[in-house]
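Let me give you the structure first, and then I'll get to my questions.
All of the numbers you see were taken from the coordinates with simple rules; none came from a lab. In this text the structure is predicted, and so the values were computed from the model without any measurement. Methodologically, a virtual Cβ is constructed for each residue, glycine included, from the backbone with ideal geometry; neighbour enumeration extends over all protein chains shown.
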Amino acid sequence: MPAPVYIWSKVTRYFHWILVVCIAITFISSAFENAFLIHISFGVIAGGLLTFRLLWGFIGPFYALFRNFDFSFRDLFYYFTKLFKDKKTYIGHNPAASWATILLIIFGFFCTLSGVVLLGAQEDRGVFSFLHPQLTPTALKIHIISKNIVGIVAIVHIVGALLEHFWHKSDTVTSMIHGYKNIETQPTKTTNLQNYLGVFAIVFSLFIGLFSYFFPQTSIMTKNYHEIKYVNDNPIFAKECSECHNLYSPTFMTKAMWEIALENEKEHFKKDLRKDVPHFKSIKKYILKNSAKTSDTEISIGIIKSTKDKIKYRITKTRYWRDIHKQIPRNAYKHPLIKSKSNCKACHKSFGKTNYINDEDISLEYFSNKEAIEIYLKLN
Ligand code: HEC
Ligand code: HEC
């Protein structure tokens, strides 16, 4: 047997195993709702590492370079057809590992990118919080597709590695631990610059991941509300329009809906606002100026979409509202403390102050335990 030759540099090996841990943790944590922060933090580390690995494929040591990978389909076919038979030894990445590595890098990178876009567009958090929520469905699709590809490739890669190790008794797996393979070839060499760069990239990735975890409020999880507090923004509107019910944000309805709710229906649910509400004209102007069109919250976008072809004059009559509340049993609104679908504050605790409806403060306290459990089960 030939003497062991150094093939995998330290940086390549550390990168490999830290990435394995990160991918495993992001997959596991995605199954638990309360592990969201862990999911994101390790996703961030993986993203940093993958960006580095992309670069490493061009400037790294010999066996880590993409141009020394084996991307030939013929070799790949040969590799798989001979999987259980005679076995050729490969010096660097075998054809399957070459493909696995490049697919994992590309789709892992897409996964991280779509993840942070999603965090920004959907949750208004992190560096991409300026993005429009309309990007959410696309980002989600990319996130799920690339996640599935990463999952499948990782499993094939692991099965392949186990086969190499136990069936062919090759040193492929152990070489990724200590760096050596029993093969006749030139050992890998890394320059000082490569080492510094590699160490820096790994440490930096770990740093931003751990920072995200321990200081979520200052980093990825900063909620970048474009919040409007109506008491400050327009105290007259805030006061007059909450006389009889909780304050509805102008952004919750389209201009056309407001026209009907405020004016056309002279009797605003049997109340004549023009008569009853002081400063009605200026309030109306303020409302129309700040209607759903000016807002990028989920509810505004949903309402606009669902009233495109048919104008409804009530939020609760829109398809959007009905769709998000369809899990709630009809008779729930008959509860004496809820009374009406329009009593948003009964279930949305912080309703009526701003243009936001937080999904964190939904309350089911007015329901009997049995009813609450029923709703809870339906929601989940
Ligand atoms: C004199 C009492 C009164 C005042 C003042 C009043 N409203 Fe209303 N409003 C009502 C009633 C009653 C309803 C029907 C509530 C229900 O069905 O539960 C209603 C319903 C609404 C709805 C419909 C909610 C839904 O279900 O979609 C909106 C929006 C609304 N009001 C906005 C306003 C605005 C904006 C102002 C300030 C200009 C205002 N209201 C002032 C009595 C009032
Ligand atoms: C009987 C309780 C109840 C009432 C009343 C109610 N909601 Fe909800 N709402 C819920 C629940 C529960 C959810 C969560 C649904 C889910 O996640 O599937 C929800 C979800 C929402 C969401 C999505 C929030 C998010 O971030 O996911 C919006 C927006 C919303 N409601 C708006 C309203 C408005 C506006 C009103 C008043 C016109 C209202 N709701 C009245 C119970 C209620």
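Just want the ordering: 30, 72, from fewest to most Cβ atoms lying within 10 Å of their own Cβ.
Fewest-to-most Cβ neighbours within 10 Å comes out as 72, 30.
Now for a different question. Please work out the Cα center distance from region 50-121 to region 1-41, rounded to the nearest Å.
Spelled out, the Cα-based centre of one part sits 15 Å from the other.
Which FRET efficiency, nearest 0.05, do residue 24 and residue 260 yield, Cβ-Cβ r, R0 45 Å?
E(calc), rounded to 0.05, equals 0.25.
Could I ask something else about it? Based on the mean of other beta carbon atoms within 10 Å per residue, what is the order of 97-110, 148-161, most packed first?
97-110, 148-161
From the cross-link list 284/317; 147/312; 239/271, which pairs have alpha carbons spaced over 28 Å apart?
147/312
I need 364, 377, 49 ordered by Cβ neighbour count within 10 Å, fewest first.
If I rank by nearby Cβ atoms, fewest first, I get 377, 364, 49.
Can you tell me the equivalent ellipsoid semi-axes for region 230-379? Use √(5λ) from the Cα gyration tensor, largest first, whole Å.
27, 17, 15
Right, something else. First select every other residue whose beta carbon is under 12 angstrom from the beta carbon of residue 334; then total the charges, Lys and Arg +1, Asp and Glu -1.
That works out to +2.
Which whole-number percent is the relative contact order of the chain (Cα, under 8 Å, 6+ apart)?
Contact order relative to length: 16 percent.
Relative to the longest principal axis of the C-alpha atoms of the chain, give the angle of the C-alpha long axis of helix 280-289, reported between 0 and 90° and rounded to the nearest 10°.
With rounding to tens, the tilt is 20 degrees.
Compute the FRET efficiency between residue 65 and residue 135 as 1/(1 + (r/R0)^6), taking r as their Cβ-Cβ distance and R0 = 25 Å, and round to the nearest 0.05.
Computed FRET efficiency for residue 65 and residue 135: 0.10.
Moving on. Normalised by the number of residues in region 4-218, what is the relative contact order in percent for Cα pairs under 8 Å and 6+ residues apart?
Worked out over region 4-218, it gives 32 percent.
Using the alpha-carbon atoms, what tilt in degrees (0 to 90, nearest 10) does helix 192-214 show relative to the longest principal axis of the chain?
For 192-214 against the chain, the angle is about 30 degrees.
Please give the peptides 162-175, 10-23, 244-257 ranked by average Cβ packing (other Cβ atoms within 10 Å per residue), highest first, as a rough proxy for protection.
244-257, 10-23, 162-175
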